[in-house]
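Notes to accompany the following structure.
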Amino acid sequence: MKIVVFSLFPNLILPYFEDSILKRARDKNLFSIEVVNFRDFSKNKYKKVDTEIVGGGAGMIIDNLALREALLFYKGKYPNSKTIFLTPVGKRYNQKDAVRFSKEEVLFLVCGRYEGFDERLIEDFADEVISIGDFILTGGELAALVVIDSVLRNIEGVLGNSESLKDESFNENFLEAPSFSKVGEVPNILKSGNHKKIAFWREKASFFKTKFHRPDLIN
């Protein structure tokens with residue numbers, strides 16, 4: 001899988017892949033990542049990429065020029081890519097999206113800044129528009145990292161043990177059952193060695209945990 005991130009601040013993205021699981025996966029060529037500073041595509045003297053909002057309003061938006069040129073260029077290189085714009089006005093991102101995106105060959109993630117994008121960019125290039133939650137960030141880079149991390153976990157070989165994916169939260173619309181270390185008191189059933197009973201206990205515990213913390217998932 002190849003991931004291309006469009007951002008004005010590449011240094012906010014790249015360090016995340018210099019440690020731990022994703023570094024090992026990258027070293028094994030299970031995925032590649034490229035960060036495009038779309039300011040490099042600006043054609044004005046001062047490399048500006050922002051503009052005032054037509055009709056008035058606070059702040060500035062990403063203009064319809066430099067980012068458009070960057071997307072056109074990379075769409076030419078990767079015509080089968082899927083382009084995702086990251087903005088608070090998008091659809092709420094979830095685990096099913098992460099699994100779905102992991103099947104893409106090339107994924108473009110476009111990070112917002114300022115007060116957002118010129119709407120024509122979204123209309124012309126976005127395959128999907130997503131939000132990681134009902135809150136505002138300074139920019140889309142953190143959202144891009146959330147998406148990338150959650151997507152790459154679903155690619156074969158990225159996790160050391162693929163079995164760990166099976167019982168994760170949200171896979172069946174329930175939260176993962178509680179886990180315990182071996183130190184101290186734990187439910188006796190978990191020490192019984194009876195895998196059928198343990199699985200049943202975990203299923204019930206998952207339901208009640210979801211009912212307590214996220215009743216909206218059950219509803």
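Partner lysines whose Cα lies under 28 Å from the Cα of LYS47, excluding those fewer than 8 positions away in the same chain, are identified as LYS2, LYS75, LYS77, LYS82.
Just to confirm the number: angle between the C-alpha axis of helix 141-152 and the first principal axis of the chain, 0 to 90 degrees, nearest 10? Rounded to the nearest ten degrees, it is 50.
By the count of other C-beta atoms within 10 Å, a proxy for reagent exposure, ASP27, ASP127, ASP97 are ordered fewest to most as ASP27, ASP127, ASP97.
For LYS43, a cut-off of 15 angstrom between C-alpha atoms picks up these aspartates and glutamates, skipping any fewer than 8 places away in its own chain: ASP63, GLU69.
Taking a straight line from the alpha carbon of LYS196, these lysines sit under 27 Å away, with near neighbours fewer than eight places off in the same chain left out: LYS166, LYS182, LYS204, LYS209, LYS211. Extent of region 167-218 along its three principal axes (Cα atoms, max minus min coordinate, largest first): 32, 23, 15 Å.
Between ARG24 and LYS209, what length comes free when the chain is fully extended (0.36 nm per residue of separation minus the Cα-Cα distance, one decimal in nm)?
Working: separation 185, 0.36 × 185 = 66.60 nm, distance 3.31 nm.
The ARG24-LYS209 span can extend by a further 63.3 nm.
No lab work stands behind these numbers, since they all come straight from the coordinates. These numbers were taken from a predicted model, which means no experiment stands behind them. Every residue, glycine as well, gets a Cβ built from its backbone with ideal geometry; the counts of neighbours run over all protein chains shown.
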